[in-house]
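> Right, I'll just put the structure down here and ask away after.
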Amino acid sequence: MPTDRNIFYFDLEVNPKTQEVLEYGSLVNGNQYRGRDKVAFRALSEAAETVCGHNIIAYDLPILRKKSFPDSFFQKSKIDTLLLSVLLFPKKPYHHLVKDYHLEGTELNNPLADAKLTKQLLADLLTAFYELPEPLKVIYDSLLAKQAGFDGFFQQLSKGDLSPVDTTEEIVTYIKAHYAKLFCGKAALANFVESNPIALAFAIAIITVDDTDSLLPNWVKHQFPATTEIIDQLRVTCLGNHGCPYCDQLSPTKGLKRFFGFESFRHFDGDVGKPLQEKVVEAALANESFVAIFPTGGGKSLTFQLPALMKGVANNALTVVISPLQSLMKDQVDVLRNRHGITAAVTINGMLSPLARSAAMEKVERGGANILYISPESLRSRSIMRLLKNRVINRFVIDEAHCFSSWGQDFRVDYLYIGNFLNKLKKEKRRVSRIPVSCFTATAKLAVVEDIQAYFLKKLGLNLTVFQTNTKRKNLSYFVLKVKSKEEKVQKLIGLLQAEEGAKIVYVSRVKKSEELVAILKQHGIVSKAYHGKLERDEKIGIQNEFMSNDQELEVIIATSAFGMGVDKDNVKVVIHYNISDSLENYVQESGRAGRKPALQAKCFILFDEQDLDAHFQLLNLTKLSHKEVYQVWQGIKEFKRKKFTKSALEIAKKAGWDTEMRDLETKIKVAIAALEETGYVKRE
C-alpha cells in the first residue's frame, strides 16, 4: 500500500449565500491547520504534490480560485474522494462525509476534522480499488489517470500495479474482451472514450454491479448528465439483431417469454410481416416516439409494459404511464402482480391512503419500481417532479391518448400540460436528448391521430410514427333493440341480464340513473352495484375488486364512463348501453370491453329510444364553452387581485359569475384555464 506523504488534505467552511470562506482546515505530512488565515493555509500546501478533498473539483477549487490562490496550487495533481466513491462504492456511493463528531453535539462543522475524514476515506478507496477485478482496474486507469480529480489517485498506486492501455482503439478492444456479456456490441464505445471518459467510467461502475442498489447518485446525473444516456446506449442498442452476446437476451420474443410466459406475440388479421405488438415493442426499445392504435382488448398494455420491464432490468430506468382513470391504474398494477408475479409497477393517485402513497413514492425513489402509473393532473405536483427528476427516465407512455384531441379536452384537459411538463423535466435533468413518448389509443379516427401528432410536434419537436392494424372483433355480436318507453327499456334490460350468465356491464349517461337501476334490479333479484365518479375512494376500490374477482357474486356493474377504460377483465360476456354513448369512438371502446378473451363469444346491446337523442344533444350543448365564458373566467381570475393564488374551480366559477350548479362545472373551468394558459394569460402549477 502506498504512503500518503505529500498529500494536502483540506476542507473549507463556506457561507452558502456569499461564498465567503469562514474557516480553512488542512493537514499534510503530520502538520495541520484550522483557522481563517488563507496565507497560513496556502503556505502549508506548498510542499505538497497532490491536493485531496471531498467534492473539490465542483466546489472547493472554484472558490479558492476566486480567492486569488496562485496557479501553482491548481497545477498540483488532484484527488476528489466524492468522484472516486461512485467508482469504488457503486452500491452505496458516499454523498457526503460521515461526520461522527456531529453526534457529540460539540460543533456543527469542523473543516480540519473533515480533512482528516477525507484522509480516512482515501485509505478506504485505495483498499477498495485493490480489491477490484483486474479488468476494472485497467479500464479505470486507462480512462481516468489524466482526468482532474482522479489523476492524483492513480499516482498513489504502486508502480507495476497496472498495465493501462493507451489508445482509444485499445481501450475499446479491452472493454469488449472482458465485458461483452454486459454491453451491447454495437454501442459507440469509441465516442464515449474520447468525449466522456468520466461518464463512461461511472456507467461501467454501475453496470458491472448486478444489484438493485447500484443507483447513480442524483448529483452525478446533474453534473455528468451523459452518464445516464451512455448507460442506456450500452445496454439497449441492437436489440439482439446482430448476434451481440448481451443484446441477444433483449429480443422482444425472449422478453415476452421471460416476463409474461407467452411464446409469441398476438397476430391480427391486418398484420403484415411481424405482429403489430412486436413492432411496437421494438420501436419502444429503440427509443422511438410513436402513436399505436390497438383495438380494445388487443393487448396494448403488454406492448408498453414489456419494454418498460426490459429497460428496467437493463438500466434500472423508469417508464411513466399517464392514465386518465384511477381504476385503470389499479387494475393494471394488480394484473401484473397477481397474474405474472411482477411487482415492479406502482401507481400514485388519489385513491391511495397517505401511507400507501408514501410507500409507493419511496419504492420509486429507491429504484424498486420500473413502471409508474400517474394521472395527468399529478404532473403539476412538485413532489412528482422531484421524484422523476431523480430517476433515469426511459419514456413517457400516454394511455388513452385520444384525450389530446378536440373530443378529449372535455374529458382530460390536463393532458394538454404533458408537453410543458416534459420540457421542464428535460431541462431540470439537464438531459441532452428528448424523452421518448409513446401514445396508445383504440380510436383510429384520422383527425384524432393528427391531433396527437400535431401536439407533440409543436410542443416537443417529436415526429410520431403511426402503428396501426386493421382488425375486426369477430367474437363480438352487436344488437340494437328499439324501445318506446322508459318502462319497456327497464323490462328489456332485466330480460337481457337474466338471459345471459357471466360478467355484464351496463352503461348509463348519468350518476342518478345508475343508482336508480341498481334499486330496480334489486327488486327483481339481480345483484348489481353502481360505479361512477362521485363515489368515495374506498367504495370505488371495493366495487372494482369485487367485480374483477371471479370468486365474488357481483356480476353486474351499472356504470358511467368513469368505469372500464383499460380495465382488463377478460370474461365480460355482455355490454349493454342503456343510454347511447357520447360518440361513436366512445361506443367502440365501451362495447369493446366485452369478450377481451378472443375465444369468448360476447354480445353488445343498445337499448334505443328516440327520446334519448334529444337528451343526448342537450348534454352536448351543456358541455360547450363559448369565448364569452372564457372571458368571464379571465375576469374572475383578475378579481382575486393576486399574481399567485390557490383556488378551487367552484371559487373561480363564483368570481366569473357562473351558475355554480351547472353540469361539469370543474371540467369547464379547467378547459377555460387551459385556453388562457395556452395563450399566455395564466400559468397553472
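The values are calculated or read from the model by the stated rules, or taken from the named source; none is laboratory data. As the structure is a computational prediction, the values presented were derived from the model and not from experiment. All Cβ positions, even for glycine, are placed from backbone atoms using ideal geometry, and neighbour counts span all protein chains on display. To get the accessible areas, we keep the full protein, side chains included, count just its heavy atoms, and leave off ligands, DNA and RNA. Shrake-Rupley method; radii C 1.70, N 1.55, O 1.52, S 1.80 Å.
For (1) closer than 30 Å to Leu676 by Cβ; (2) in contact with a strand residue (DSSP E or B) (Cβ under 8 Å, 6 or more places away or on another chain); (3) without any contact (Cβ under 8 Å) to a residue 60 or more places away in the chain, each residue gets a yes or a no:
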site	(1), (2), (3)
Glu362	no, no, yes
Asn370	no, yes, no
Arg380	yes, no, no
Val392	no, yes, no
Glu400	yes, yes, no
Tyr415	yes, yes, no
Val449	yes, yes, no
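> Which residue, of Asp269, Asp248, is farther than 17 Å from Thr465 by Cβ, at pLDDT below 90 and touching a Gly at 6+ places or on another chain (Cβ under 7 Å)?
Asp248
> Filter the stretch 71-82 down to the residues that are crowded, with 16+ Cβ neighbours inside 10 Å, part of a helix (DSSP H, G or I) and not hydroxyl-bearing (Ser, Thr, Tyr) and list them by number.
Residues satisfying the conditions are Phe73, Leu82.
> Identify all residues within the stretch 298-309 that are open to solvent by less than 10 Å² (accessible area, probe 1.4 Å) and not aromatic (Phe, Trp, Tyr); write none if there are none.
Gly298, Thr303, Leu306, Pro307, Ala308, Leu309, listed by residue number.
> Which of the strands (runs of 3 or more DSSP E) found entirely inside the stretch 435-552 contain at least 1 residues meeting this: under 34 Å from the mean Cα position of the chain (by Cα) and either surrounded by 17 or more Cβ atoms within 10 Å (Cβ to Cβ) or at pLDDT below 90 (or both)?
Correct list: 437-441, 465-468, 503-507, 528-531.
> If you go through the stretch 313-353 one residue at a time, how many are touching a residue at least 60 places away in the same chain (Cβ under 8 Å), open to solvent by less than 10 Å² (accessible area, probe 1.4 Å) and within 14 Å of the chain's Cα centre (by Cα)?
Result for the stretch 313-353: 7.
> Residues of the stretch 646-668 being exposed (fewer than 15 other Cβ atoms within 10 Å of the Cβ), without any contact (Cβ under 8 Å) to a residue 24 or more places away in the chain, within 19 Å of Val413 (Cα to Cα) and not hydroxyl-bearing (Ser, Thr, Tyr), which ones?
The answer is Leu650, Glu666.
> Can you name the condition, by its number, that Tyr417 falls short on among (1) out of contact with any Lys or Arg (no Cβ under 6 Å at 6 or more places or on another chain); (2) open to solvent by less than 40 Å² (accessible area, probe 1.4 Å); (3) assigned to a loop (DSSP other than H, G, I, E, B); (4) at pLDDT below 90?
Condition not satisfied by Tyr417: (3).
> Something else: Right, Asp582: acidic (Asp, Glu), within 28 Å of the chain's Cα centre (by Cα), surrounded by 14 or more Cβ atoms within 10 Å (Cβ to Cβ) and modelled with pLDDT under 85 or not?
No; evaluated as a whole, the condition is false for this residue.
> Right, something else. Can you give me the number of residues within the stretch 33-59 that are in a helix (DSSP H, G or I) and under 18 Å from Ile198 (Cβ atoms)?
Qualifying residue count, the stretch 33-59: 4.
> What number of residues within the stretch 553-579 satisfy the criterion of being modelled with pLDDT under 75, farther than 15 Å from Lys504 by Cα and among the polar types (S, T, N, Q)?
The qualifying residues number 0.
> Within the stretch 131-167, which residues are among the hydroxyl-bearing types (Ser, Thr, Tyr) and free of Cβ contacts under 8 Å to residues at least 60 places away in the same chain?
Ser142, Ser163, Thr167, listed by residue number.
> Looking at (1) at pLDDT 85 or above; (2) under 21 Å from Ala345 (Cβ atoms); (3) of a type outside the set (S, T, N, Q), find the lone condition where Asp213 falls short.
Among (1) at pLDDT 85 or above; (2) under 21 Å from Ala345 (Cβ atoms); (3) of a type outside the set (S, T, N, Q), Asp213 violates only (1).
> Another question, then. Give just the number: which of (1) at pLDDT 90 or above; (2) surrounded by fewer than 21 Cβ atoms within 10 Å (Cβ to Cβ); (3) over 25 Å from Ile207 (Cα atoms) does Leu425 not satisfy?
Only one criterion is unmet by Leu425, namely (3).
> Oh, and also: Looking at (1) touching a residue at least 12 places away in the same chain (Cβ under 8 Å); (2) more than 28 Å from Ala442 (Cα to Cα); (3) part of a helix (DSSP H, G or I); (4) not acidic (Asp, Glu), which is the one condition that is false for Ala672?
(2)
> Taking the residues in the stretch 33-70 that are over 12 Å from Asp11 (Cα atoms) and of a type in the set (S, T, N, Q) as candidates, determine which candidate is surrounded by the fewest Cβ atoms within 10 Å (Cβ to Cβ).
Ser68
> Restricted to the stretch 244-278, and to residues that are open to solvent by 70 Å² or more (accessible area, probe 1.4 Å) and among the charged types (D, E, K, R), which residue is nearest to Cys184 (Cα to Cα)?
Lys254
> What pairs come up if the first residue lies in the stretch 214-227 and is without any contact (Cβ under 8 Å) to a residue 60 or more places away in the chain, the second is part of a loop (DSSP other than H, G, I, E, B), and their beta carbons are under 7 Å apart, counting only those six or more places apart or on different chains?
Thr227/Leu216
> Do the conditions hold for Ala199, that is, is it open to solvent by less than 10 Å² (accessible area, probe 1.4 Å), touching a Phe, Trp or Tyr at 6+ places or on another chain (Cβ under 6 Å), of a type outside the set (Val, Ile, Thr) and modelled with pLDDT of 85 or more?
It is true that Ala199 is open to solvent by less than 10 Å² (accessible area, probe 1.4 Å), touching a Phe, Trp or Tyr at 6+ places or on another chain (Cβ under 6 Å), of a type outside the set (Val, Ile, Thr) and modelled with pLDDT of 85 or more.
> Still on this structure: What pairs can you find where one residue is in the stretch 452-468 and free of Cβ contacts under 8 Å to residues at least 40 places away in the same chain, the other is open to solvent by 60 Å² or more (accessible area, probe 1.4 Å), and their Cβ atoms are less than 9 Å apart, with a gap of 6+ or different chains?
Cβ pairs passing all conditions: Leu457/Asn463; Gly461/Arg434.
> Go through the stretch 176-198 residue by residue and tally those that are assigned to a helix (DSSP H, G or I) and out of contact with any helix residue (DSSP H, G or I) (no Cβ under 6 Å at 6 or more places or on another chain).
Residues in the stretch 176-198 being assigned to a helix (DSSP H, G or I) and out of contact with any helix residue (DSSP H, G or I) (no Cβ under 6 Å at 6 or more places or on another chain): 6 in total.
> Next up: Given the criterion open to solvent by less than 20 Å² (accessible area, probe 1.4 Å) and acidic (Asp, Glu), identify the matching residue among Asp166, Asp151, Asp114, Asp124.
Step by step, each of Asp166, Asp151, Asp114, Asp124 is checked, and only Asp114 is open to solvent by less than 20 Å² (accessible area, probe 1.4 Å) and acidic (Asp, Glu).
> Kindly indicate which of Ile669, Ile637 is modelled with pLDDT of 90 or more and farther than 30 Å from Ala503 by Cβ.
None of the other options fit; the residue is Ile637.
> Right, next: Looking only at residues in the stretch 397-414 that are outside any loop (DSSP other than H, G, I, E, B) and either under 17 Å from the mean Cα position of the chain (by Cα) or of a type in the set (Asp, Glu) (or both), which one is modelled with the highest pLDDT?
Within the stretch 397-414, the match that is modelled with the highest pLDDT is Val397.
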